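The values are calculated or read from the model by the stated rules, or taken from the named source; none is laboratory data. Nothing here was measured: the structure is a model prediction, and the numbers come from that model. Reconstructed Cβ throughout: ideal geometry from the backbone, glycine too, with neighbour counts over all protein chains shown. Note: areas computed on protein heavy atoms with side chains; ligands, DNA, RNA excluded. Shrake-Rupley method; radii C 1.70, N 1.55, O 1.52, S 1.80 Å.
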Amino acid sequence: MTISSNLIPELLADAPRPLINAQAEIIFAEDQLLYHYRGKKGEHQYKVISPSAVKLAFDHQEEDSGWLSSNVVRLGKMGDRHWLIQVHPPQRYTLTLLLDSQFRPVDQERVTLTIPLPGFVLFAIEAQVYLWAIKQSFEPTISLYQPPLPNAASNGLLCFGQNEKPFANSQTIDRIWQTWWEGLFNSHQTNGKSKQSEDIRWQLWKIANSTKRKYPLNDLCPCTWKTCDEACHAILNHSPHSWQL
């Protein structure tokens with residue numbers, strides 16, 4: 001597609017343009033979008049428009065999320081960045097812990113545990129994945145706690161190490177969840193996850209070798225953000241806490 005030679009001088013002019021050859025223009029003015037056009041009598045007209053109106057005018061591609069997992073409670077898109085929220089009820093999980101000098105309950109390199117864990121909220125946006133523990137049934141204002149697991153920051157940002165995972169969207173979110181549990185959990189970010197044990201791995205070991213059928217919720221430690229609403233707002237608006245390990 002080529003630009004008409006008659007249109008080029010007008011494109012190079014400062015806004016607002018005379019609209020002699022151009023039919024209309026959109027002007028970005030601070031935090032507003034102005035639609036500039038000529039009326040039926042040739043008079044200049046200005047109208048404040050919303051970003052969604054611009055998107056609707058230019059985006060003629062159909063979008064279909066495909067069939068969603070039953071535990072997806074919310075999804076959205078910011079530009080070309082997809083984000084999703086999943087809720088997982090309390091259940092038993094199997095995970096493999098790497099052993100080191102600070103955590104060696106048995107004389108081997110790794111140990112696999114099957115253990116009851118609390119409910120979780122998973123928030124994924126592009127390559128960033130957050131995990132938060134919850135004590136009750138999910139609602140947007142529910143209190144968040146740090147997941148009682150290694151390799152998770154105090155704000156819930158997960159470190160997958162060398163495990164490759166796809167960017168988040170409605171068709172990849174289940175694979176991301178599976179990849180997390182299939183990874184090897186090491187000594188990174190093991191502190192501050194339990195009120196009973198300085199290293200969360202020891203707490204996981206104790207529970208796995210006990211008769212407990214549920215994770216002790218009173219042992220969970222608060223997250224950086226108080227509620228799910230607050231966390232989502234901070235991440236989507238690029239809070240300084242949201243992208244740091």
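Couple of notes before you dig in:
- Answer residue from segment 56-93, given it is of a type in the set (D, E, K, R) and open to solvent by less than 80 Å² (accessible area, probe 1.4 Å) and is modelled with the lowest pLDDT among those: Asp59
- Candidates are the residues of segment 1-54 that are of a type in the set (Lys, Arg) and open to solvent by 80 Å² or more (accessible area, probe 1.4 Å); the one that is nearest to Gly76 (Cα to Cα) is Lys47.
- When Thr96, Thr112, Thr141 are checked against the criterion of being assigned to a strand (DSSP E or B), open to solvent by 70 Å² or more (accessible area, probe 1.4 Å) and hydroxyl-bearing (Ser, Thr, Tyr), a single residue qualifies: Thr112.
- Check on Val106, among the aliphatic types (A, V, I, L, M), modelled with pLDDT of 80 or more, under 24 Å from the mean Cα position of the chain (by Cα) and closer than 30 Å to Thr190 by Cα: no
- Any hit, segment 200-209, residues being open to solvent by less than 50 Å² (accessible area, probe 1.4 Å) and outside any helix (DSSP H, G or I): no
- Of all residues in segment 210-228, those satisfying the criterion of being open to solvent by 30 Å² or more (accessible area, probe 1.4 Å), in a loop (DSSP other than H, G, I, E, B) and either in contact with a Leu (Cβ under 8 Å, 6 or more places away or on another chain) or charged (D, E, K, R) (or both) are Lys212, Arg213, Lys214.
- Screening the candidates Lys165, Lys195 for the property of being open to solvent by 30 Å² or more (accessible area, probe 1.4 Å) and farther than 24 Å from Gln102 by Cα yields one hit, Lys165.
- Ser154 passes every criterion in (1) touching a strand residue (DSSP E or B) at 6+ places or on another chain (Cβ under 7 Å); (2) open to solvent by 50 Å² or more (accessible area, probe 1.4 Å); (3) within 17 Å of Ala208 (Cβ to Cβ) apart from (3).
- Out of Leu157, Leu97, Leu113, sole residue that is touching a Lys or Arg at 6+ places or on another chain (Cβ under 6 Å) and either touching a residue at least 60 places away in the same chain (Cβ under 8 Å) or hydroxyl-bearing (Ser, Thr, Tyr) (or both): Leu97
This table checks each residue for (1) under 15 Å from Leu122 (Cβ atoms); (2) not aliphatic (A, V, I, L, M).
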| residue | (1), (2) |
| --- | --- |
| Glu139 | no, yes |
| Leu158 | yes, no |
| Gln196 | no, yes |
| Arg201 | no, yes |
| Ala208 | no, no |
| Leu217 | no, no |
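- Leading residue by the ranking (nearest to Leu184 (Cα to Cα)) among those in segment 123-136 that are at pLDDT 95 or above and in a loop (DSSP other than H, G, I, E, B): Lys135
- Close pairs (9 angstrom Cβ cut-off, 6 or more residues apart or separate chains): closer than 17 Å to Ala15 by Cβ in segment 39-53, of a type in the set (Gly, Ala, Ser) and open to solvent by less than 50 Å² (accessible area, probe 1.4 Å) anywhere: Gln45/Gly39
- Filtered residues of segment 175-187 (kept if loosely packed, with under 14 Cβ neighbours inside 10 Å and either in contact with a strand residue (DSSP E or B) (Cβ under 9 Å, 6 or more places away or on another chain) or charged (D, E, K, R) (or both)): Arg175, Trp181, Glu182
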